[in-house]
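Below you'll find the structure, written out as structure tokens, and then a few comments.
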């Protein structure tokens, strides 16, 4: 039979019809792709990376120069979970740089964003060449650093169970990011960053926090000693975490009222000036002649103890 072929026990399949259906299927597939692209939020401007000289890509090209970002009051979020949590937050997002598959994955979140976001798509090798970094997922975003929270906003009569954590001389952004994540996990009300510390919105800090920084208010202190004095005046108990103390150990401390835990630098600990300002110096009890922990681990131990004591009160 001309234009026909025999298949499956004598049933005929019209090859002309197959060709027509095939064309319709290809057209439908193409239309579906267009519909999927068009269905992306109207406030999203998506385009492939065609030139590294595109001005909007500058924050990604300069990821190694954090001072440029600080001057512009922007930060880079890195990683699928971090960018997802950024898109879930109230922070202002300027742009995305990511493989196309992630752009489609983020569509529901992007549909709810109020601002216009530029999305640049490229595969991971191109992203690594542009940024100068090796990446696991190749998902990046640029957003505005939120304003610090005024300390007075936290020192209200209603805050009877205020829990703060202050850092003194902490220069390692990855350690700070881990501490921020711990703060969020144990319900810290705000992070106080001393004048000798790195900024909590540095790229490595944001990445280390796994996006927890987007939910944690922060205070930039220009004089940590003066800030601690202000806390004293407001009735907040200041406790320095320090291994060498004749005062008391953590398991014997009362941390049920408003308090601020102060952590020091990785090498030197809390500075003498800040130690002199704090109302108490408390150590973590340890064995086997170990006298200190990594600052991130110390933060977790202290904050868990505060959380445990307060849970005990709430449970009666």
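The values are calculated or read from the model by the stated rules, or taken from the named source; none is laboratory data. None of the values given here were measured: they were computed from a predicted structure. With ideal geometry, Cβ positions are generated from the backbone for all residues, glycine too; neighbour counts draw on all protein chains shown.
Any residue in the range 222-237 that is closer than 26 Å to residue 91 by Cβ, under 29 Å from the mean Cα position of the chain (by Cα), touching a residue at least 60 places away in the same chain (Cβ under 8 Å) and assigned by TED's automatic domain parsing to the domain that holds residue 171?
Yes - at least one qualifying residue is present in the range 222-237.
Hey, any hits in the range 297-311 for a residue that's assigned to a loop (DSSP other than H, G, I, E, B) and touching a residue at least 24 places away in the same chain (Cβ under 8 Å)?
no
Looking at 80, 100, which is the one that is touching a helix residue (DSSP H, G or I) at 6+ places or on another chain (Cβ under 8 Å) and either surrounded by 14 or more Cβ atoms within 10 Å (Cβ to Cβ) or at pLDDT below 95 (or both)?
After ruling out the rest, the residue left standing is 80.
Might you check whether a residue that is touching a helix residue (DSSP H, G or I) at 6+ places or on another chain (Cβ under 9 Å), over 19 Å from residue 217 (Cβ atoms), modelled with pLDDT under 95 and exposed (fewer than 14 other Cβ atoms within 10 Å of the Cβ) occurs anywhere in the range 113-133?
Yes; the residues of the range 113-133 include at least one that is touching a helix residue (DSSP H, G or I) at 6+ places or on another chain (Cβ under 9 Å), over 19 Å from residue 217 (Cβ atoms), modelled with pLDDT under 95 and exposed (fewer than 14 other Cβ atoms within 10 Å of the Cβ).
How many of the residues in the range 177-207 are in a helix (DSSP H, G or I) and closer than 18 Å to residue 69 by Cα?
Counting residues in the range 177-207 that are in a helix (DSSP H, G or I) and closer than 18 Å to residue 69 by Cα gives 6.
Looking at the range 159-171, can you tell me whether even one residue there is surrounded by fewer than 20 Cβ atoms within 10 Å (Cβ to Cβ), without any contact (Cβ under 8 Å) to a residue 24 or more places away in the chain, over 19 Å from residue 262 (Cβ atoms) and more than 17 Å from the chain's Cα centre (by Cα)?
So far as the range 159-171 goes, no, none of its residues is surrounded by fewer than 20 Cβ atoms within 10 Å (Cβ to Cβ), without any contact (Cβ under 8 Å) to a residue 24 or more places away in the chain, over 19 Å from residue 262 (Cβ atoms) and more than 17 Å from the chain's Cα centre (by Cα).
Among what's in the range 172-186 and is surrounded by fewer than 23 Cβ atoms within 10 Å (Cβ to Cβ) and under 13 Å from residue 217 (Cα atoms), pick the residue that is farthest from the chain's Cα centre (by Cα).
The extreme case among them is 184.
So residue 134 fits all but one of (1) in the same structural domain as residue 87 (by TED's automatic domain parsing); (2) part of a loop (DSSP other than H, G, I, E, B); (3) touching a residue at least 24 places away in the same chain (Cβ under 8 Å); what number is the exception?
Of (1) in the same structural domain as residue 87 (by TED's automatic domain parsing); (2) part of a loop (DSSP other than H, G, I, E, B); (3) touching a residue at least 24 places away in the same chain (Cβ under 8 Å), only one is false for residue 134: (3).
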